[in-house]
Amino acid sequence: MISNYKEFKAFLNNLEYKPNLLLHACCAPCSSHCLFILKNYFNITIFFSNDNIFPSDEYFKRYDELKKFVNEYDENVNVVENGYNPDDYYKAILGKENLGEKSLRCYECYKLRMEKACLEAKKLKIEYFTTTLSLSPHKNSIWINEIGFELEKKYGIKYLYSDFKKENGYLDSINLSKEYSLYRQNYCGCEFSLKEMNQHDRIKKEN
């Protein structure tokens, strides 16, 4: 089991063939750096499964932007999704709605999306799965990898360790976003993070 980024890079460099990988993507900007890192090592299918996104217009805006970017960046990469199912998200975080960013509310959100990705990989007979979520400095990579390896044990689909914020990954995603003129959202996605952002902006203006 890979436990750190150094081991992750060594694993990539020692691959003897090019496996199939399902990459769960939260948006186009986060996908940009992850694709840059992974495209030479894997045959990639991108999976857009983000029931947390609010409102629905934002969901489809991010999905369309992802498809546009991938088509321009690498036409050999397929993008699939499993529909917009916000009720699944609200059920997953029930009782944790007001815990705030980086709380167990986020843990349950990671788990929901990553489990759907793992199941999609299983359905498509894809050997590995991982997620772009660890690119963000606001996301807990320890939790993300913990969930990933638990899902590997549960479903028998190999999880690829991820901590894509390493080696200035987040900064690279910003630069790639500028290069490809990507829409970069200013909140994580859920209605609670949107409210928290609005409250922060309101307090900042008042001060």
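Going by the conditions given, is Glu150 open to solvent by 80 Å² or more (accessible area, probe 1.4 Å), over 16 Å from Phe48 (Cβ atoms) and part of a loop (DSSP other than H, G, I, E, B)? In short, no. Screening Lys165 with (1) open to solvent by less than 30 Å² (accessible area, probe 1.4 Å); (2) free of Cβ contacts under 8 Å to residues at least 60 places away in the same chain gives one miss only, at (1). Scanning the stretch 35-75 for residues that are over 24 Å from Glu167 (Cβ atoms), open to solvent by 60 Å² or more (accessible area, probe 1.4 Å) and touching a residue at least 24 places away in the same chain (Cβ under 8 Å) yields Phe54, Phe60, Lys61, Lys68.
What do you reckon, is Ser32 among the hydroxyl-bearing types (Ser, Thr, Tyr), surrounded by fewer than 19 Cβ atoms within 10 Å (Cβ to Cβ) and within 18 Å of the chain's Cα centre (by Cα)? So Ser32 does not fit the description; no.
Checking Ser181, Ser177, Ser141, Ser173 one by one, the residue that is open to solvent by 60 Å² or more (accessible area, probe 1.4 Å), modelled with pLDDT of 95 or more and polar (S, T, N, Q) is Ser181 and no other.
The values are calculated or read from the model by the stated rules, or taken from the named source; none is laboratory data. Please read these numbers as outputs of a predicted model, since none were measured by experiment. Positions of Cβ are generated from backbone atoms using ideal geometry, with glycine treated the same way; all protein chains shown enter the neighbour counts. Only protein heavy atoms, including side chains, enter the accessible area calculation; ligands, DNA and RNA are left aside. Shrake-Rupley method; radii C 1.70, N 1.55, O 1.52, S 1.80 Å.
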